[in-house]
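Below is one structure, written out as structure tokens; the observations come after it.
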Amino acid sequence: MSNAQSFDRVPVLMYHRVGTPHDVADGTYCITPGAFAAQMSALAAAGYAALTVDAFADWLDGAPTRCDGRPFVLSFDDGFAGVYEHAFPLLRELGWPATVFLVAGLVGDHDRWMQHPGATRPLTPLLSPAQIAEMAAAGFSFHSHSMTHRSLTALAGSALEDEIAGSRARLQALLGTAVDFFAYPYGHLDSQVVDATRAAGYRAAFSVQPGFNRRDIDRYRIRRLDVFGHDSPRTLLRKIGFGSNDGSLAAVCHYYWSRLTARRG
Ligand SMILES: [Zn+2]
């Protein structure tokens, strides 16, 4: 179809669970398989094509990367088993790679960080080593989302090191592949957390700050767009087209208005 093209900015999409939401509020960070399929079809129809996280990092480093469409990176935080059950078959069909950020200390377990005293919500299963191996063989990549999913800005010393460097070592031993990328739990980061991430040898780290990534982006504050379970395909296309978490029409008008006034000023 389209010829490979060069590009100057890359949006990174962030998903969490794929499956059935526990309740209405849960529908923000859990997308049903049907809604996910509709979103992916809309992206494909609009000419988007997923880049691997390695190709994205190579591009950031100046490699003359080309993409068979409008580039974006697809990421899933937390490593829920639903990604294997519901997203993987569809993405394999599309030939789109994705990156899953795993909680190293909870592989094959459940989302125990959600286990608050008095919480009635059931825990959700995370990917098993066998599921991870199957997805890796099909081109998915797996990187770190810490050891236990604690807020890293509350930690220091060896506790912080265990979450960042320790999770990298554990995942590399489990996967047998390089673990070069990190996603900050809850998006919490400060200069101490960033320094520890750099010191642990990660090539880049992903925040939850919205926006596009151009080559001058801080490698340890890569931007991502939050995709919600209730985002319609049209809303998602606006988010990815404008680099904003707000895919409303009002936000799009504001975008054009500020561009117009910026040009005048
Ligand atoms: Zn998370």
* Asked: Counting just the residues of region 31-55 that are out of contact with any helix residue (DSSP H, G or I) (no Cβ under 8 Å at 6 or more places or on another chain) and touching a residue at least 60 places away in the same chain (Cβ under 8 Å), which one comes out surrounded by the most Cβ atoms within 10 Å (Cβ to Cβ)?
  -> Val53
* Please give the number of the condition Pro71 fails out of (1) within 16 Å of the ligand (Cβ to nearest atom); (2) in contact (Cβ under 8 Å) with a residue 60 or more places away in the chain. => (1)
* Structure fact -> Being small (Gly, Ala, Ser) and surrounded by 14 or more Cβ atoms within 10 Å (Cβ to Cβ) narrows Ala250, Ala204, Ala173, Ala262 down to just Ala204
* Asked: Just a yes or no: is a residue in region 120-138 surrounded by fewer than 22 Cβ atoms within 10 Å (Cβ to Cβ), modelled with pLDDT under 95 and away from the ligand (no atom under 16 Å from the Cβ)?
  -> yes
* Asked: Taking region 139-155 only, how many residues are without any contact (Cβ under 8 Å) to a residue 60 or more places away in the chain, among the small types (Gly, Ala, Ser) and surrounded by 15 or more Cβ atoms within 10 Å (Cβ to Cβ)?
  -> 3
* For region 196-218, state whether one or more residues are without any contact (Cβ under 8 Å) to a residue 12 or more places away in the chain and either among the hydroxyl-bearing types (Ser, Thr, Tyr) or within 27 Å of Arg92 (Cβ to Cβ) (or both). => no
* From Val83, Val18, which residue is touching a residue at least 12 places away in the same chain (Cβ under 8 Å), within 20 Å of Ser232 (Cβ to Cβ) and within 16 Å of the ligand (Cβ to nearest atom)? -> Val18
* Return the total of residues in region 92-114 being within 17 Å of the chain's Cα centre (by Cα), among the hydrophobic types (A, V, I, L, M, F, W, C) and either surrounded by fewer than 21 Cβ atoms within 10 Å (Cβ to Cβ) or farther than 12 Å from Gly139 by Cα (or both). => 4
* Asked: Which residue pairs have Cβ atoms under 7 Å apart, sit 6 or more places apart or on different chains, and have a first residue in region 103-119 that is more than 18 Å from Tyr184 (Cβ to Cβ) and of a type in the set (Lys, Arg) and a second that is at pLDDT 90 or above and within 12 Å of the ligand (Cβ to nearest atom)?
  -> Arg112/Leu106
* Structure fact -> The residue that is farthest from the chain's Cα centre (by Cα), considering only those in region 21-52 that are in a helix (DSSP H, G or I) and within 16 Å of the ligand (Cβ to nearest atom), is Asp26
* Asked: Among the residues of region 147-188, which ones are away from the ligand (no atom under 12 Å from the Cβ), under 18 Å from the mean Cα position of the chain (by Cα) and either among the polar types (S, T, N, Q) or assigned to a loop (DSSP other than H, G, I, E, B) (or both)?
  -> Met147, Ser167, Ala178, Val179, Asp180
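The values are calculated or read from the model by the stated rules, or taken from the named source; none is laboratory data. These numbers come from a predicted model, not from an experiment. Quick reminder, even Gly has a Cβ in these numbers, built from the backbone with ideal geometry, and neighbours come from all protein chains shown.
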